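These notes concern the structure reproduced below.
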Amino acid sequence: MRSRKLLQICAMAAIAAGAGAQNITGTILIKKKLTKPSVTPSVSVYQRGTAVKLGKDAEEDPIAYERSRVVVYLEGAVPAADESAGHTPQIQQVDRRFMPDLVVVPVGSTVSFPNMDPIFHNIYSLSKAKTFDLGAYDKGETRKVTFPKAGIVEVYCHLHPNMAATVVVTPNHWYARPDRAGQYQIHNVPPGQYTLVAWHKSAGFFRKTIVVESGHDSVADFFIPLEVGGKQEAKDNLDLGHAGGSR
């Protein structure tokens, strides 16, 4: 009886907290191209065996592409994500590229790396948040990696230097990616004060303090300019828990 009553109290507390939860909305403002063009060598330089044509970018709007490089999330003392759903995101190896090349998951998640090409790939990362080497594997095979620590994980292929992807491991499940117009929304955030982070793959980290109050949504916009020190800032803040200034 006592344990049942305790469960009822916990359930009521959760409902009460959920009733006060609000959304965080905002706009990611980018007016310049931030990502430097990558130069891919001819396939003959490193291709062995079956020839596989290199895939092309689907996004033609350069500013929309830059917005797609952004992740917005809450950091700090926020409850971790519930992984009970068992969903496993994928980063496929298709046409000598990673598809998608940017995935966002909460800490503790597992990501699958299936090989869809008729050639071998060898996926690895030397990032502080997660180091791994999956070895060489052929078409139809897959490897999985679990990410127990929040951070930015850069992923590459030993056999194909042009291949690069990023796994952003957030501290919790309160995160969002902006749409093509730069609009984002983080749902059902409990009332409180938080540090809101916007991360761009080339420009690095931008932080703001935000207060979520019951009864109305909170708004936070980010202007992400092209700065000389942007890439250095990204390197200095690979750990998502690193303290940084607001922008």
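The values are calculated or read from the model by the stated rules, or taken from the named source; none is laboratory data. Values in this document were obtained by computation on a predicted structure and should not be read as measured data. Glycine also receives a Cβ, built like all others from the backbone with ideal geometry; neighbour counts cover every protein chain displayed. Heavy atoms of the whole protein, side chains included, go into the accessibility calculation; ligands, DNA and RNA do not. Shrake-Rupley method; radii C 1.70, N 1.55, O 1.52, S 1.80 Å.
Among the listed pairs Lys139/Lys201; Lys32/Lys201; Lys36/Lys128; Lys31/Lys144; Lys149/Lys201; Lys130/Lys201, a Cα-Cα separation exceeding 26 Å is found for Lys139/Lys201; Lys31/Lys144. For Ser127, the residues 5 or more places off, or on other chains, whose built amide H falls under 5 Å of its own are Phe132, Glu154. Measuring with a 1.4 angstrom probe and ignoring ligands and nucleic acids, Lys130 comes out at about 50 Å² accessible.
Put a dot 7 Å past the Cα of Asp61, heading toward its Cβ, do the same for Lys144, and the two dots end up 3.7 nm apart. When the surface is traced with a 1.4 Å probe over the full set of protein chains, Asp133 keeps roughly 90 Å² accessible. The distance between label points at Val94 and Leu159 comes to 1.9 nm (points 7 Å beyond Cα on the Cα→Cβ vector). Using the Cβ of Asn115 as centre and a radius below 13 Å, the other residues enclosed give a net charge of +1, where K and R count +1 and D and E count -1.
The solvent-accessible area of Phe132, taken with every protein chain present and a 1.4 Å probe, is close to 20 Å². By the compact-protein rule of thumb, 2.2 N^0.38 Å, the alpha-carbon radius of gyration of segment 113-202 corresponds to a ratio of 1.35. With a Förster radius of 30 Å applied to the beta-carbon distance between Glu213 and Lys32, the computed FRET efficiency rounds to 0.30. For segment 147-152, the Karplus equation 6.51 cos²θ - 1.76 cosθ + 1.60, evaluated at θ = phi - 60°, returns couplings of 10, x, 10, 5, x, 9 Hz by residue, with Gly and Pro reported as x.
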